[in-house]
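J.: Input: one structure, supplied below.
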Amino acid sequence: MILLDCGETSRAGFFPWWHPFFRFACDIAIEPGEEIGPQLRAMGIDPGRDLRALVLSHLHHDHADGMEHFEGARIVVSRQNYAASRGLRGALLGAVPSRWPAWFEPEQIDMREPGVPGFDGSVALTDDGTVFAVPTPGHMPGHLSLVVRTPKVTYFLTGDATYDEDLLRRRIVDGPASDIGESLRTMDAISTFARSEPTVLLPAHDPLAHRRLDERRVLIDA
Ligand SMILES: [Zn+2]
C-alpha cells in the first residue's frame, strides 16, 4: 500500500497574519479525529508499519504535517522539494520545517528513470513499475505527482500541480505558485500524458475527484 500525502494537523495557527500563506491556510481547520493517523487506524492500518511508502507530493503544511503519525514508515519526497522546504525559505514557501518530527529524514528521490509522454524522467515506486512518480514543479520546486497504471485506466494523482480538472483544461494557475511559467508547463505535460493513455485526473483539492474516481471518467477521450 502506497499513500500519497498525509494531510493537515489539527494544531492550527502557525502562520502569522502577514504570511503569504495565511489566506490559504485559514480555511483548513480539522479536528484531531480527522487527522490521517486515526483515520487509517480506524481502517485497521498501522501508519508506521503497514505502508510500503508514504510519498509526499510536496511539503506544504496541508499535505505533509500529518507526517507525525508515520514514525517508522518509509517516507519519500523529491530531493529538490526537500531542499526547498527547509529553513526560512521553506517556511516562506508554505512548509513548516520547525514542526517536523526530529526523526523525519525522508528518502530523497531523483527522477532518473526513463520518461513517459510529457515528462523527461520518472521513478518507479513498485517493482512492476505500475506506480511511479513524475516531476510536476511550479506550485513548489520539486513538486511530484503519482501515476498508477491499471489494466483499463491510469490514475494521475496530481497533488497541487493543478487544483482541479477545470483549471487544467483552461490552463489557469490558481493558488500559490513558486513559478507560474513552470506550473503551466507542468499542466501541459499532464495533458500530453493524458492524450497518450486513458487517464483519470485526481487533484488533491478537487471536490469532484472522487466522482471521477468512481466513474473512471478520463480527462481526454482517446
Ligand atoms: Zn501545496
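Readers should treat all values here as calculations from the given coordinates under stated rules, not as data from a laboratory. As the structure is a computational prediction, the values presented were derived from the model and not from experiment. FYI the Cβ positions are ideal-geometry reconstructions off the backbone, even for glycines, and counts take in every protein chain you see.
J.: Can you give me the angle between helix 180-196 and the longest principal axis of the chain, using Cα atoms only, in degrees from 0 to 90, rounded to the nearest 10?
T.: 40 degrees
J.: Once phi is turned into θ = phi - 60°, what whole-Hz ³J(HN,Hα) does the Karplus curve with 6.51, -1.76 and 1.60 give for every residue of the stretch 117-132, x standing for Gly and Pro?
T.: x, x, 10, 6, x, 7, 8, 6, 10, 10, 4, 8, x, 6, 10, 8
J.: Which order, highest average first, do 155-162, 44-51 follow once you tally other Cβ atoms within 10 Å for each residue and take the mean per peptide?
T.: With the highest mean Cβ count within 10 Å placed first, the list reads 155-162, 44-51.
J.: Pulled fully out, how much extra length does the chain show between MET43 and HIS210, if you take 0.36 nm times their separation in residues and subtract their Cα-Cα distance?
T.: Taking MET43 through HIS210 to full extension adds about 58.3 nm, to one decimal.
J.: Another question, if that's okay. Among DSSP bridges having both ends in the stretch 130-222, what percentage is antiparallel? Round to the nearest 5.
T.: Taking every DSSP beta bridge within the stretch 130-222, about 65 percent pair in antiparallel fashion.
J.: Sum -39500 (n - 2.57) across every DSSP H segment of at least 4 residues in the chain, then divide by the residue count to get the 222 nm mean residue ellipticity, nearest 500.
T.: Calculated from helices alone, the mean residue ellipticity at 222 nm is -7000 deg cm²/dmol.
J.: Between ILE30 and LEU184, how high is the FRET efficiency from 1/(1 + (r/R0)^6) when r is the Cβ-Cβ distance and R₀ = 25 Å? Nearest 0.05.
T.: 0.20
J.: Distance in nm between label sites at ASP120 and ARG89, each 7 Å beyond Cα in the beta-carbon direction?
T.: Going from the ASP120 label point to the ARG89 one covers 1.9 nm.
J.: Can you tell me which of 34-42, 75-83 comes out highest on packing, and rank the rest after it, using the mean Cβ neighbours within 10 Å?
T.: The most tightly packed comes first, giving 75-83, 34-42.
J.: Moving to a separate point now. Ranked highest first by the average count of other Cβ atoms within 10 Å around their residues, in what order do 59-72, 169-182, 88-101 fall?
T.: Per-residue Cβ counts within 10 Å, averaged per peptide and sorted highest first, yield 59-72, 88-101, 169-182.
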